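Take a look at the structure set out below.
The values are calculated or read from the model by the stated rules, or taken from the named source; none is laboratory data. What you see is a predicted model, and the numbers here were worked out from it, not measured in a lab. Glycine gets a Cβ as well: all are built from the backbone with ideal geometry, and neighbour counts include every protein chain shown. Ligands, DNA and RNA are stripped out before the accessible areas are found, and what is left, the full protein with its side chains, is counted by its heavy atoms. Shrake-Rupley method; radii C 1.70, N 1.55, O 1.52, S 1.80 Å.
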Amino acid sequence: MKKAFFIFFSICIFITTNSAFARNVYEQFIPEENEVIFNQSTFNIDVIDPISTTNLKGLNYPGLRGTNQLVVYTSAFGTRTNTNEFGTEAIVTGDIVSSLSGADSLIPYDGLVISGHGNAKKWINENIMVGSKIYIDSENKTITSYITSDTFLYTAKERINEVQDMLAYYCKTCDDYNSKRTEQNLIKAQDYIYKAQKNSEDCQKYASRAIEYANAAMATVVPYSAKELKGVWIRPTYFCRNEIENVLNDLQDKGINNIFIETYYHGKTIFPSYTMEKYGFIKQYEDYLGFDPLKIWISEAHKRGIKVHVWFQTFYVGNTPPETNPLYILAKKPDWANRQKKNADSAQIPYSVSEHNGYFIDPANPEVQDFLYELLCEIIKKYKPDGINLDYIRYPQSLSSNYSNYDQSNWGYTTYARNEFKTLYGTDPIELTKTDYLWDYWKYYRYNKVNTFVKRIGILCRNNSIVLTTVIFPNKKTAMDTKLQDWRSWSLNGYVNGFTPLFLTCDDKTEANLIEEILRNKALDTKVFGGLFVTFMNGSETDLIKQIHMTRKYDLNGVILFDYAHYGKIYDNALNQSIFNAGKRDVMIMESAIPKQNKQLIFGKQRK
């Protein structure tokens with residue numbers, strides 16, 4: 001049996017003290033009869049189930065995964081990997097890769113997650129696919145991935161199963177649902193599965209054809225929804241009216257009806273700002289000098305029936321050292337800089353290592369809040385956008401509270417905050433650890449500083465009939481623990497109209513878990529627009545389709561893609577078949593009608 005030559009993770013015993021496998025595994029892979037190996041590749045494992053003492057290289061990074069590292073996470077590590085979006089991950093169930101994710105993956109009880117950044121990410125992308133077979137040599141700390149003829153069959157069958165499930169859902173829930181194109185492609189996919197199973201020498205060729213037709217079926221199975229917000233985040237790196245109009249024409253053709261324009265980012269505005277000038281900061285982002293792109297974006301988008309939301313990087317001011325320009329925000333106002341406990345008294349302005357080496361300003365400082373409020377007032381009064389989308393509406397990221405040096409990695413230890421907290425509670429928070437009774441007061445102090453600002457902007461937006469949405473991290477506990485982001489309060493208190501959560505994954509099952517977390521913790525009238533990162537993370541077009549399908553199943557209010565720069569032709573072609581295109585849903589296929597006897601091929605399960 002082929003399973004005998006792979007790891008049975010469900011019966012493995014893990015040594016929790018060093019998180020290594022307690023037994024060796026077999027030294028070679030022996031394929032089944034008629035199984036052909038197409039690719040075999042081995043990579044070194046940096047660490048299995050890292051802790052702060054076993055992986056110092058990853059100490060400052062989410063999930064303790066450092067630069068260029070390959071990390072293996074098992075259920076001994078926890079329920080999630082806690083990683084960020086700059087790597088990639090493969091979820092292994094038993095000994096087979098069941099899905100490809102991106103970040104913060106759910107760790108299966110009977111499997112593991114392979115996670116890589118940099119060189120390790122490149123290896124995963126080039127050598128692992130759904131259906132790959134995984135062998136781990138824990139003694140030599142290596143991982144080997146095998147792509148075999150069974151891999152292609154596994155992928156094809158799973159894709160067909162997924163489309164069948166989706167097709168059954170829409171046939172049941174949608175009136176006048178047109179399934180003809182989907183059914184036709186499913187039949188062809190099933191036919192190639194049959195050929196692959198009967199011709200071992202040409203298995204890869206036929207299974208690959210089955211995957212192609214299953215993918216084509218998936219591109220047509222999700223219907224168009226007129227009520228859904230279809231959005232995209234855009235960094236507006238276009239420097240004349242003609243370029244902006246071309247982008248908007250493209251977005252209109254793609255079916256996008258809402259755009260989120262990055263307007264205040266890296267501590268600068270894309271428009272000439274009298275607020276920035278008043279405070280002595282750079283009046284306008286240097287790249288945009290000579291014209292006002294925000295005015296053009298809004299006026300031209302509205303001509304095309306597209307709504308515009310101002311994407312606003314609230315407490316983040318970029319990753320360029322302040323000393324390089326005397327007009328940078330933190331060069332003019334160094335006392336505004338946010339600080340960690342470990343560098344609270346440093347002469348240097350600290351940056352967040354785990355977030356692009358970025359600099360942050362202090363939510364507790366009333367001058368900071370007044371400046372940002374005035375800047376948003378200027379935007380609303382002068383440009384009258386359809387919405388404000390607050391990003392970085394939080395503190396910089398710290399380590400998880402599971403780690404012993406958690407309090408040292410926490411942010412908010414500015415002179416202003418320390419003095420105010422000491423006045424209120426009689427103790428300088430720098431003296432506190434997480435075991436002190438005042439620690440929770442210190443957490444709530446910082447939560448409330450962000451909450452107060454969101455409330456203030458919520459009132460501003462309501463008074464001007466503008467929609468307020470906030471970018472949130474959907475795992476509530478992690479958001480509060482590591483980013484001091486208490487988004488549940490914003491919803492329950494009615495501060496915001498909606499959330500744009502970051503689903504930093506290519507896996508729809510992980511996405512579903514995150515959606516459920518949000519729905520459990522929000523008010524009924526708070527809308528949710530799923531922020532999908534598949535394009536940014538180089539996921540497949542089928543990953544994106546499955547995630548949009550998941551937002552439909554949970555009745556979210558729409559989706560926003562991150563971002564336009566990564567919205568390539570492959571994704572456009574897939575979404576334009578049906579999901580973002582009302583016209584193609586009713587296109588009649590040119591081939592003959594599907595015989596009744598073939599209906600069971602479409603709706604019957606094709607299992608391994």
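Okay, residues lined up against (1) modelled with pLDDT of 90 or more; (2) over 29 Å from residue 513 (Cβ atoms); (3) more than 24 Å from the chain's Cα centre (by Cα):
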{"residue": "9", "(1), (2), (3)": "no, no, yes"}
{"residue": "13", "(1), (2), (3)": "no, no, yes"}
{"residue": "31", "(1), (2), (3)": "no, yes, yes"}
{"residue": "40", "(1), (2), (3)": "yes, yes, yes"}
{"residue": "43", "(1), (2), (3)": "yes, no, yes"}
{"residue": "49", "(1), (2), (3)": "yes, no, no"}
{"residue": "62", "(1), (2), (3)": "no, no, no"}
Handout entry: Candidate set: region 431-445, residues that are in a loop (DSSP other than H, G, I, E, B) and among the charged types (D, E, K, R); chosen: the one farthest from residue 414 (Cα to Cα)
Key = 436
Handout entry: Single unsatisfied condition, residue 109 versus (1) part of a strand (DSSP E or B); (2) more than 22 Å from residue 192 (Cβ to Cβ)
Key = (1)
Problem - Residue satisfying all of: in region 245-265; farther than 15 Å from residue 568 by Cα and of a type in the set (Asp, Glu); least open to solvent (accessible area, probe 1.4 Å) among these - result: 262
Fill in the blank from the handout: Residues of region 213-244 being surrounded by fewer than 16 Cβ atoms within 10 Å (Cβ to Cβ) and not in a loop (DSSP other than H, G, I, E, B), in sequence order, are 241, 242, 243
Practice task
Would you point out which residue out of 460, 438 is of a type outside the set (Asp, Glu), in contact (Cβ under 8 Å) with a residue 40 or more places away in the chain and surrounded by fewer than 18 Cβ atoms within 10 Å (Cβ to Cβ)?
Solution key: 460
Problem - Those residues of region 88-104 which are modelled with pLDDT of 90 or more and either within 17 Å of residue 47 (Cα to Cα) or surrounded by 24 or more Cβ atoms within 10 Å (Cβ to Cβ) (or both), in sequence order - result: 88, 89, 90, 91, 92, 97
Exercise for the section: Pick out, from region 319-417, the helices (runs of 4 or more DSSP H) lying fully within it that include 3 or more residues that are aliphatic (A, V, I, L, M), more than 25 Å from the chain's Cα centre (by Cα) and at pLDDT 95 or above. Expected result: 329-332, 366-383
Handout entry: Which numbered condition residue 353 fails, given (1) touching a helix residue (DSSP H, G or I) at 6+ places or on another chain (Cβ under 9 Å); (2) over 28 Å from residue 231 (Cα atoms); (3) among the hydrophobic types (A, V, I, L, M, F, W, C); (4) open to solvent by 10 Å² or more (accessible area, probe 1.4 Å)
Key = (1)
Handout entry: Condition check for residue 150: among the charged types (D, E, K, R), at pLDDT below 90, crowded, with 22+ Cβ neighbours inside 10 Å and at negative phi
Key = yes
Handout entry: Qualifying positions in region 385-415 - under 27 Å from residue 299 (Cβ atoms) and in contact with a Ser or Thr (Cβ under 9 Å, 6 or more places away or on another chain)
Key = 385, 387, 388, 389, 390, 391
Problem - Set 154, 177, 169: member being within 30 Å of residue 44 (Cβ to Cβ), in contact (Cβ under 8 Å) with a residue 12 or more places away in the chain and within 31 Å of the chain's Cα centre (by Cα) - result: 154
Practice task
Can you tell me which residue among 503, 453, 473, 421 is among the aromatic types (Phe, Trp, Tyr), farther than 30 Å from residue 343 by Cα and touching a Pro at 6+ places or on another chain (Cβ under 8 Å)?
Solution key: 503
Completion exercise
Residue hits (region 516-539; touching a residue at least 40 places away in the same chain (Cβ under 8 Å) and either assigned to a loop (DSSP other than H, G, I, E, B) or touching a Ser or Thr at 6+ places or on another chain (Cβ under 7 Å) (or both)) are 521, 529, 531, 533, 534, 536, 537, 538, 539
Practice task
Take residue 135 and decide whether it is surrounded by fewer than 24 Cβ atoms within 10 Å (Cβ to Cβ), in contact with a Ser or Thr (Cβ under 8 Å, 6 or more places away or on another chain) and assigned to a helix (DSSP H, G or I).
Solution key: no
Practice task
Scan 162, 183 and give me the residue that is at pLDDT 95 or above, charged (D, E, K, R) and closer than 17 Å to residue 93 by Cβ.
Solution key: 162
Exercise for the section: Please work out which residue is farthest from residue 342 (Cα to Cα), limiting yourself to region 54-87 and to residues that are open to solvent by less than 10 Å² (accessible area, probe 1.4 Å) and part of a strand (DSSP E or B). Expected result: 74
Practice task
Check region 194-204 and report whether any residue there is of a type outside the set (Lys, Arg), modelled with pLDDT under 95 and surrounded by 22 or more Cβ atoms within 10 Å (Cβ to Cβ).
Solution key: yes
Practice task
Can you work out which of the residues in region 549-566 that are among the β-branched types (Val, Ile, Thr) and touching an Asp or Glu at 6+ places or on another chain (Cβ under 9 Å) is surrounded by the most Cβ atoms within 10 Å (Cβ to Cβ)?
Solution key: 559
